[in-house]
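No lab work stands behind these numbers, since they all come straight from the coordinates. What you see is a predicted model; the values in this text were computed from it and never measured. Positions of Cβ are backbone-derived with ideal geometry, glycine not excepted, and every protein chain shown enters the neighbour counts.
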């Protein structure tokens, strides 16, 4: 498989509770690759090259369902930014 046909991304909390990288073929419509659920590894690397403390300063938006445990935890902590 050519590297140009591979999507490399990772999930950021709260999609999953541990950081892990996925390698999938571009033709595969994998669940969890939508904006707000996954971050392209190439974007993360570029961001860190531009500003080494990027992810210490940046807020990463994410999509949660009201039925997710983490949604309730964020709600109770007053950390929800609803749009």
> When you scan the range 35-83, how many residues do you find that are surrounded by 11 or more Cβ atoms within 10 Å (Cβ to Cβ) and assigned to a loop (DSSP other than H, G, I, E, B)?
Replying inline: 8
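Residues are listed down the side, and each one gets a yes or a no for (1) touching a strand residue (DSSP E or B) at 6+ places or on another chain (Cβ under 9 Å); (2) under 18 Å from residue 11 (Cβ atoms); (3) in contact (Cβ under 8 Å) with a residue 40 or more places away in the chain:
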residue	(1), (2), (3)
38	yes, yes, no
45	no, yes, no
48	no, yes, no
59	no, yes, no
70	no, yes, yes
73	no, yes, no
78	no, no, no
